[in-house]
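The values are calculated or read from the model by the stated rules, or taken from the named source; none is laboratory data. What you see is a predicted model; the values in this text were computed from it and never measured. Counting neighbours? That spans all protein chains shown, and the Cβs are built from the backbone with ideal geometry, glycine included.
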Amino acid sequence: MIAVEQLTKIYGRRTALDAVSFEVPRGEIFGFVGPNGAGKTTTLRILAALMEPTTGRAFVDGADVSRQPDRVHERLGYMPDFFGVYDQLTAAEYLDFYAACYRQPKARRKKIADDLLELVGLTDRRDQAVDTLSRGLKQRLCLARALVHDPAVLLLDEPASGLDPRARVEMREILKELQKMGKTIVISSHILPELTELCTMVGIIDQGRMRATGPVQDVIRQLTSGRRLRITVLGQREEALAVLKPLPMIHAVSALNGAIEAEYEGDDATAAAILQTLTAGGIKVSGFSQLEGGLEDAFMRATEDQQ
Amino acid sequence: MNPVATALWNPIVAKEYRSRMRTWRSPVAMTVYILLLGGLGWAIFSSMTFAARNSFNAGQAANYGQGLFLYLVLFQMVLLAFITPALTAGAISSERERQTIDLLFVTKLPSFSILWGKLLASMSFVLLLLLLSVPIFSLVFLFGGIELDQLAAAFLVTAVSALTLGIIGIACSTAFRRTLPATVSAYGAAFVLLAGSLLFGLLFPTDVDPNATSAPAPPAVTYLSPIIPLITIGTNGPISNYGVRNGNNNIYPTAGGGMACSTTPGGVQSCYPIGPNGAVSKAILGRSYNPVQARGTTIPSGLFSGWQYWQATVTMQLVLSLIALIAGALLLSPIRHLPWRRRAAAPSTT
């Protein structure tokens, strides 16, 4: 649905994007993660045909963003990271205006506005002036605006930034709803936790370069070298460390808050073998669990190489 | 949608009308406009009635009508020169500042539609102001001395000048990212258009050819200013001595405020030229610099020879508007496909 090939953008002497490539198949939610200034917004603006790449190409549903911007705009809903609203317009008029800009027939515009206000939970704010809405409500209205022409692809640049936790949860619920409707969504964010449970795919970008891209678990596996165990023992921490350290499959062991964290190479059988070795050594193990490698960890590893 | 409907379809206009007319600013602006114009009309009217309390005849009445009309059209032009740039200079730059322009660029609305939608919305307000001033101008017909075609020509010149200032304002608004420089440059352009072109006539007057069979005319650049045609329309006389070397650079034409005529009881009509303030223009009566004096309201010589002054002004301003509109449209689109801006060369891979 979205294909980005060797996208490069140079501002003066600064390279904002350096040969960025990734693909997002239909129906996926792609989390575009990276620190501030990594090139996320630049990539999304190029995808929205608001900016021309220095070199490289990008396609939205088969339409080239540089050559067929009109076709791209038909298929795409874009929500920028910073945006304003007009004074003196109500929420319904605001949506009606953008629906008209997308050439939706007048007869259908009222229904479109009502349906979208319901989708984002703003039905009771229908006649409120948009400039008096809170930031969270404005974000939701802007999301509704991006949907007035029922696009197949949504580009959301930092949709949850500046939102309080409650508004963030509500935004996530709306995005889940959109996923059910079969939309392909690209969400950029510098905050990881809001993405982990929502995204099916992830791309990690740093300093204009794509560090990793693919399904979430693949990326995590790709970036975190081993699996991790969290072991708690009954007062025999030193002894347990002494048993674990010489084992060949263990990469690193550390004591954290009364528990031991061990990184190892292998599968579940290896984990069972480690537990057996511990109990055979007379260690009283009270807790033994595998830690899921998180996106955050993967992200930290992907970006720390550059430091 | 058929092609005509597509070309005319512009939701920006309706949206702008809504936002503009829902604030207090618009009715306040209209009220102030009418008060200023009406106030000037009333002041001139009272000074004339004061001056005419001893004697009054039909010739003087026509003369007062002309004087009133001339002051009103000139004042209206100056007022609009202050109002129009303010209406349009922020049209695009404020969308940039508010970060709403990208939301328009990603719709199906072509950039040019954004431009003309904004322009139409601003210009409708100017048109509204012009319509509001019609009752004040109708005062002139109490006195006479002005025909309906003069009024129409004066309104046309005023409207076209306002349109030109509006388009220049929009072009400034697209060229600059911020509203402040856009506004400053739009006012600068308004000043150049109204006063700068007149100043050009004073600084670089036309040289008089003693053998010429037609009267000299000011340089063509000066017709850009709506002031000259408004004066010729108002006075129904030619411009002379302005913009011509060795002229006395009096911007008022030979005929001043027109011809004041009186009819003797014997039926003989005598006319004499007077200034717009009603005084007999002695300086003009006694001196004649040019071999041939201009007559009527047509341009006697030069590029627009034979044209009415207002026709030359309207033509030049429309050409200027077109240029500004094209420049604005080229500058507006998010990806500027300007001929001199090619895509940069491929970066070296490091």
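Data table
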{"read-out": "Candidates B:Leu119, B:Leu104, B:Leu79 - the one that is aliphatic (A, V, I, L, M) and buried (at least 23 other Cβ atoms within 10 Å of the Cβ)", "value": "B:Leu119"}
{"read-out": "Top-ranked residue in segment A:194-229 [being modelled with pLDDT of 85 or more and more than 16 Å from A:Val24 (Cα to Cα); ranked as nearest to the chain's Cα centre (by Cα)]", "value": "A:Asp206"}
{"read-out": "Subset tally (residues that are surrounded by 19 or more Cβ atoms within 10 Å (Cβ to Cβ) and either under 21 Å from A:Gly39 (Cβ atoms) or of a type in the set (Lys, Arg) (or both)) for segment A:139-164", "value": "10"}
{"read-out": "Segment B:131-183: number of residues that are within 18 Å of B:Gly234 (Cα to Cα) and in contact with a Phe, Trp or Tyr (Cβ under 6 Å, 6 or more places away or on another chain)", "value": "5"}
{"read-out": "Enumerated strands (runs of 3 or more DSSP E) restricted to segment A:1-45, each holding at least 1 residues that are over 22 Å from A:Val153 (Cα atoms)", "value": "A:2-11, A:14-24"}
{"read-out": "Any hit, segment B:12-21, residues being more than 13 Å from every other protein chain (Cβ to nearest Cβ), part of a helix (DSSP H, G or I) and surrounded by 13 or more Cβ atoms within 10 Å (Cβ to Cβ)", "value": "no"}
{"read-out": "Qualifying residue in segment A:26-41 (condition: of a type outside the set (Gly, Ala, Ser), without any contact (Cβ under 8 Å) to a residue 40 or more places away in the chain and either within 21 Å of B:Leu103 (Cα to Cα) or surrounded by fewer than 16 Cβ atoms within 10 Å (Cβ to Cβ) (or both))", "value": "no"}
{"read-out": "Some residue of segment A:204-219 being buried (at least 17 other Cβ atoms within 10 Å of the Cβ) and among the acidic types (Asp, Glu)", "value": "yes"}
{"read-out": "Answer residue from segment A:105-114, given it is modelled with pLDDT of 90 or more and surrounded by fewer than 17 Cβ atoms within 10 Å (Cβ to Cβ) and is farthest from B:Asn10 (Cα to Cα) among those", "value": "A:Asp114"}
{"read-out": "Single residue of segment A:3-23 satisfying the filter (closer than 18 Å to A:Asp61 by Cα, surrounded by fewer than 23 Cβ atoms within 10 Å (Cβ to Cβ) and of a type in the set (A, V, I, L, M, F, W, C)) that is farthest from the chain's Cα centre (by Cα)", "value": "A:Ala3"}
{"read-out": "Failed item, numbered, when B:Leu109 is tested on (1) within 14 Å of chain A (Cβ to nearest Cβ); (2) part of a helix (DSSP H, G or I)", "value": "(2)"}
{"read-out": "Residues of segment A:147-165 classified as in a helix (DSSP H, G or I) and in contact (Cβ under 8 Å) with a residue 12 or more places away in the chain, total", "value": "0"}
{"read-out": "Top-ranked residue in segment A:42-84 [being more than 9 Å from chain B (Cβ to nearest Cβ) and either among the acidic types (Asp, Glu) or free of Cβ contacts under 8 Å to residues at least 12 places away in the same chain (or both); ranked as nearest to B:Arg96 (Cα to Cα)]", "value": "A:Asp81"}
{"read-out": "A:Thr90 vs. criteria modelled with pLDDT of 90 or more, of a type in the set (Val, Ile, Thr) and under 15 Å from A:Val20 (Cα atoms)", "value": "no"}
{"read-out": "B:Ile83 part of a helix (DSSP H, G or I) and either within 14 Å of chain A (Cβ to nearest Cβ) or in contact with a strand residue (DSSP E or B) (Cβ under 6 Å, 6 or more places away or on another chain) (or both)", "value": "no"}
